[in-house]
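Data first, discussion second: the structure below is written as structure tokens.
The values are calculated or read from the model by the stated rules, or taken from the named source; none is laboratory data. Keep in mind it's a predicted model, so treat the numbers as computed, not measured. Here the Cβ positions follow ideal geometry from the backbone for every residue, glycine too, while neighbour counts run over all protein chains shown. For the accessible areas, the whole protein counts, side chains as well, though only heavy atoms, and no ligand, DNA or RNA atoms are used. Shrake-Rupley method; radii C 1.70, N 1.55, O 1.52, S 1.80 Å.
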Amino acid sequence: MFQTVADIAFVMTFLGVAAHWVLVPTRKPRNVVQGAVHVFSLLLIEQRTSLLGALKKLAYLLSLVCFVVLAITGFWPLLVRGEHISGYLMMIHATFAPIFALCLAVIAVTWAGENRFTAEDCPWVRRLLRRATRLQVPAEEKPCACAVVGYKATFWLLLFLALPLILSIVISMFPLLGTDWQHHTAAIHRWTGLAFAVIAILHTYLAIRLRMTREV
Amino acid sequence: MRKVLFAGLCLPSALVWLIAVGMAAEPATKAVTNRGDGSRAPGIHRLPLYAEPLEPGKQGDKITKETDPALPFSMRGTCSECHVYKHDYDVIRKGWHFNASDPNVPPGRPGPPWIYTDVTMGTQIPLSYRAWPGTFRPEQVGLTPFQFTQLFGRQMPGGGPGEVDTDADDEITRQMVSGKLEINCLSCHNRDPGHDQAEYAAQIAKQSFRWAATASAPFASVSGSAKEMDDTFDHLMPDMVMDEKKKPLIPTVTYQPQAFNHKDEVFFNVSGKIPADRCYFCHSDINASQCGSEKWEADEDVHLTAGLTCVDCHREGLEHNTIRGYEGEVNSNVLAASTSCKGCHIGDENGRAPHAGRLGAPVPAHKGIPAVHFDRLSCTACHSGPWPGATTDLCKTSQAHGLGTHGINKSPTALPHVLYPVFAKQAPVDSQEADPKPGKIAPHKLIWPAFWGTIGAEDKVSPLKLDTVKKVVGPALQGLKFTAAGAWAEIKEEQVLAALKTLAGSVEEGKPVYVTGGTLYRLKDDGTLSIHQDHPAAAAYTWPLAHNVRPAAQSLGVGKCTVCHSTGAPFFFGEVAVDSPIAAVSNLTKAQYQFQQAPYGRTWAFAMSFVFRPWFKVVAIGSAALLAVVLLLYGLRALGAVARVLAEQEK
């Protein structure tokens, strides 16, 4: 079942991203190669002068690399070969996992402030609140910056999902859980991993779009 | 008038019909009672003794305390007095312990072979009538069922090859003298402490097959030896032996007169609840490297210590289709699926009633053990056999070494050399698939075959007949230095060369070879020796071991993963000794991972990764904690913002 759901989820995600890329064009050039070079140059070259800025970008870049490696090593054996992760793939997965966890922690600390939701992010929420609660919430008539909201929402979702993703596998390494719960934690890791991967793809896509339009 | 006539015809017909039905029903009722009535109380067996029948299918003469000469009793004749339903004996002989020589019986998971050893010929070869890959059929080495029985019947409960009519000209009359080796029900079912299975074995060695069961019974004794009798000997007329020297050797039975009651019945203390001591005669083993032959130094299986007996798990009905107890066993026994390690300890979640905990089996928690272990390892991998060490140990078993019989070599290094534990991937079990997947990793016993043979097309090696080897190879191996310990006498490679040259002139098909320790020696065309290490035809024969089961507190992995997952862990990197009479071969070693079909690099790297496992845990937990704090902090701030807005509205 997981294999089927994962196949569908990944196909839908990539199709959705592609459709969005085509149907909702950015204000910058839409050449994909140019866009990718632009984004990576932003990440790698355009460093802020402070150490913190460098750390933030390094953590983001490293986590992206780790994510790609973990996603491939985690999903490849299951989706392509129909078997559980083992052997060298398992070792690579387990090597990159703690680095990824550390990067996520650094990202959480350094990027959380910038990704706070503000009153300006969602004017429609404010309008809704005003109507529903009859509170005197000031409502502006600015259009909703949906990409920004999506970017922030996926950021917080990733942080939130990272917890069960990490803990489900770490806890199973301690002599605490019996066989049934070992199966449950493995299932939690799998399903959370799938959700994390889908959201991470969306987050990366939105980050690229926003960088290209310099909205964040 | 017509009515009277009709009634007069119908009534006798009805009477005849009722009588016929009644007569037909009687054996059916008996047959049902023969199967037991469900009472847990043991049945008492006071039975008249019957001798071997003079004609097939008929009952033999009844034996009383006055019978002269005292004849050996026939188990078939004696037990069949009650066990007649569907000719029970013929049903029983199809059971697992007796059906090895039946080619129609599926071989099932590889099991312990019979091992023929001859130190003078550098021979140690696994034999079996079952088609277990790696074993050879006895006839391939020239052993007839009669010879096989004489060699290995010591640790068989009779039947099987012991009852096969010999077709070898020189054996037909010998079989008439020795009799056939009937199933000896007492071998397993006798609870009497006076039961003497070693005496049974001794009688078989003396070709006194007909007398063997009687000799094992506590109320009889047997002297003499059928082997010493001429081919014309008739056990019904022992007085016909004229040779004075042979008269004391005539097989003679003496019954204890007090064993017979007033009806000339004898009490048999037999039961279906077989004590483990009976099983032990054929199924004992001991770690010879650690304990020598001192059984008091070795612990018993934890199940026996807990009060169970072998037959609590290895159950069978009258059909004697014993549950072997491994996962995936194909067996007509209705309890086969549920009476395995898993069956009692884990149970079947989909079953009608909970099975876990049967017979008081503790349900294992397996805390902290990733579930993948249960896909890749058998239960026995962690729970059975000796704790793995840097190298394998020598094991002595009843079937291989004749433990419990008279006059065996008690040296720990006596041949055959059975090594254990070897953690190997099990052969596919009872699989009907065309390309079955290999099984789980399980502890095995191992033997390195050593024998003289011929190699033919597709590098297929067949062993030579033992007689041929003795005749032809014997002279080339003269001068070997034998030890009292019964271990290998060293054979030099020059001697192998000389023997192969001699054999080259004797064998008609193929080229002569000597197989030992995984190495195949053959003669090159230029007359020199070709040495091929790791030749598939010289591969070790392994069979899974299930006992002794250790307590849970002594199972592999208890406490920490590095018991198995470290670069020096015996489970993967322990040495498996290579056994051979040739020094150059016996100096070689193998590693456990080679028997698990695992590449060295991957196995080593995975083991090495466990060095960093604690760091992984610390980093992951630390990161998760930091993430949780950030989420909590910003969650609280969000909550604060909402509360602030609400508070301002209140104002």
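Can you give me the ranges of the helices (runs of 4 or more DSSP H) entirely in the stretch B:551-651 with at least 2 residues that are within 9 Å of another protein chain (Cβ to nearest Cβ) and surrounded by fewer than 18 Cβ atoms within 10 Å (Cβ to Cβ)?
B:600-609, B:613-650
Residues in the stretch B:261-275: is at least one without any contact (Cβ under 8 Å) to a residue 12 or more places away in the chain and over 35 Å from the mean Cα position of the chain (by Cα)?
Checked the stretch B:261-275: at least one residue is without any contact (Cβ under 8 Å) to a residue 12 or more places away in the chain and over 35 Å from the mean Cα position of the chain (by Cα).
Suppose we filter B:Gly404, B:Gly328, B:Gly360, B:Gly317 for residues that are at pLDDT 90 or above and open to solvent by 30 Å² or more (accessible area, probe 1.4 Å); which single one remains?
Exactly one residue qualifies, and that residue is B:Gly404.
Confirm whether B:His235 is without any contact (Cβ under 8 Å) to a residue 24 or more places away in the chain and either in a loop (DSSP other than H, G, I, E, B) or among the hydroxyl-bearing types (Ser, Thr, Tyr) (or both).
Criteria not met by B:His235.
Can you name the condition, by its number, that A:Arg116 falls short on among (1) over 15 Å from the mean Cα position of the chain (by Cα); (2) closer than 29 Å to B:Gly640 by Cβ; (3) buried (at least 16 other Cβ atoms within 10 Å of the Cβ); (4) facing chain B (nearest Cβ under 10 Å)?
Condition (3) is where A:Arg116 drops out.
Out of contact with any strand residue (DSSP E or B) (no Cβ under 6 Å at 6 or more places or on another chain), under 30 Å from A:His20 (Cβ atoms), open to solvent by 30 Å² or more (accessible area, probe 1.4 Å) and assigned to a helix (DSSP H, G or I), is that true of A:Thr192?
no
Restricted to the stretch B:301-311, and to residues that are surrounded by fewer than 18 Cβ atoms within 10 Å (Cβ to Cβ) and farther than 16 Å from B:Ala552 by Cβ, which residue is nearest to the chain's Cα centre (by Cα)?
For the stretch B:301-311, the residue satisfying everything is B:Thr309.
It is to be established whether one or more residues within the stretch B:170-178 are open to solvent by 10 Å² or more (accessible area, probe 1.4 Å), assigned to a loop (DSSP other than H, G, I, E, B) and among the acidic types (Asp, Glu).
no
Select from the stretch A:202-216 the residues that are open to solvent by less than 30 Å² (accessible area, probe 1.4 Å) and of a type in the set (A, V, I, L, M, F, W, C) and list them in ascending order.
A:Leu206, A:Ala207, A:Leu210, A:Met212
Does the stretch B:193-222 hold any residues that are in a helix (DSSP H, G or I) and aromatic (Phe, Trp, Tyr), and which are they?
B:Tyr200, B:Phe209, B:Trp211 - these are the residues of the stretch B:193-222 that are in a helix (DSSP H, G or I) and aromatic (Phe, Trp, Tyr).
Kindly provide the set of residues from the stretch B:269-307 that are part of a strand (DSSP E or B) and within 17 Å of B:Gln197 (Cβ to Cβ), ordered by number.
Within the stretch B:269-307, B:Val270, B:Asp285 qualify.
Mind checking whether some residue in the stretch B:380-403 is over 20 Å from A:Leu176 (Cα atoms) and within 14 Å of chain A (Cβ to nearest Cβ)?
Looking through the stretch B:380-403, none of the residues is over 20 Å from A:Leu176 (Cα atoms) and within 14 Å of chain A (Cβ to nearest Cβ).
Regarding the stretch A:25-34, can at least one residue be identified that is under 21 Å from the mean Cα position of the chain (by Cα), at pLDDT below 75 and more than 14 Å from chain B (Cβ to nearest Cβ)?
yes
Between a first residue in the stretch B:169-184 that is of a type in the set (Gly, Ala, Ser) and a second residue that is open to solvent by 50 Å² or more (accessible area, probe 1.4 Å) and assigned to a helix (DSSP H, G or I), which pairs have beta carbons less than 8 Å apart while being 6 or more apart in sequence or on different chains?
From residues that are of a type in the set (Gly, Ala, Ser), the pairs are B:Ser178/B:Lys227.
Any residue at all in the stretch A:187-204 that is closer than 19 Å to A:Phe117 by Cβ, at pLDDT 90 or above, away from chain B (no Cβ under 14 Å) and in contact with a His (Cβ under 7 Å, 6 or more places away or on another chain)?
No, there is no match, as no residue in the stretch A:187-204 is closer than 19 Å to A:Phe117 by Cβ, at pLDDT 90 or above, away from chain B (no Cβ under 14 Å) and in contact with a His (Cβ under 7 Å, 6 or more places away or on another chain).
The rows are residues; the columns are (1) surrounded by fewer than 17 Cβ atoms within 10 Å (Cβ to Cβ); (2) at pLDDT below 80; (3) within 11 Å of another protein chain (Cβ to nearest Cβ).
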position: A:Gln136; (1), (2), (3): yes, yes, yes
position: A:Tyr151; (1), (2), (3): no, no, no
position: A:Thr154; (1), (2), (3): no, no, no
position: A:Leu161; (1), (2), (3): no, no, yes
position: A:Ile169; (1), (2), (3): no, no, yes
position: A:Ser172; (1), (2), (3): no, no, yes
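Applying the selection to the stretch A:84-110, what residues are more than 8 Å from chain B (Cβ to nearest Cβ) and farther than 19 Å from B:Ser609 by Cα?
If the condition is that a residue be more than 8 Å from chain B (Cβ to nearest Cβ) and farther than 19 Å from B:Ser609 by Cα, then A:Cys103, A:Val106, A:Ile107, A:Thr110 are the ones that fit.
Those residues that are open to solvent by less than 30 Å² (accessible area, probe 1.4 Å), among the aliphatic types (A, V, I, L, M) and part of a strand (DSSP E or B), I need them from the stretch B:524-550; list them, please.
Hit for the stretch B:524-550 is B:Val549, nothing else.
On the basis of being within 16 Å of B:Thr322 (Cβ to Cβ), touching a strand residue (DSSP E or B) at 6+ places or on another chain (Cβ under 7 Å) and charged (D, E, K, R), does B:Arg130 make the cut?
Considered against the rule, which asks whether it is within 16 Å of B:Thr322 (Cβ to Cβ), touching a strand residue (DSSP E or B) at 6+ places or on another chain (Cβ under 7 Å) and charged (D, E, K, R), B:Arg130 comes out as no.
Given B:Thr78, B:Thr67, B:Thr117, which one is assigned to a helix (DSSP H, G or I) and of a type outside the set (D, E, K, R)?
Of B:Thr78, B:Thr67, B:Thr117, the one residue that is assigned to a helix (DSSP H, G or I) and of a type outside the set (D, E, K, R) is B:Thr78.
Only residues in the stretch A:2-16 that are more than 18 Å from A:Ile188 (Cα to Cα) count as the first member; pair them with residues that are assigned to a helix (DSSP H, G or I), Cβ under 6 angstrom, at least 6 apart or cross-chain, and list the lot.
Close Cβ pairs satisfying both conditions: A:Thr13/A:Val198; A:Thr13/A:Ile201.
Consider B:Glu81 carefully, then state whether it is surrounded by fewer than 16 Cβ atoms within 10 Å (Cβ to Cβ), more than 14 Å from the chain's Cα centre (by Cα) and not assigned by TED's automatic domain parsing to the domain that holds B:Ser398.
The answer is yes for B:Glu81.
Conditions tested, residue by residue: (1) hydroxyl-bearing (Ser, Thr, Tyr); (2) open to solvent by 80 Å² or more (accessible area, probe 1.4 Å); (3) out of contact with any strand residue (DSSP E or B) (no Cβ under 9 Å at 6 or more places or on another chain); (4) farther than 21 Å from B:Phe152 by Cβ.
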| position | (1), (2), (3), (4) |
| --- | --- |
| B:Lys245 | no, yes, yes, yes |
| B:Ile250 | no, no, no, yes |
| B:Phe260 | no, no, no, yes |
| B:Asp264 | no, no, no, yes |
| B:Phe268 | no, no, no, yes |
| B:Lys273 | no, yes, yes, yes |
| B:Tyr280 | yes, no, yes, no |
| B:His283 | no, yes, no, no |
| B:Asn287 | no, no, no, yes |
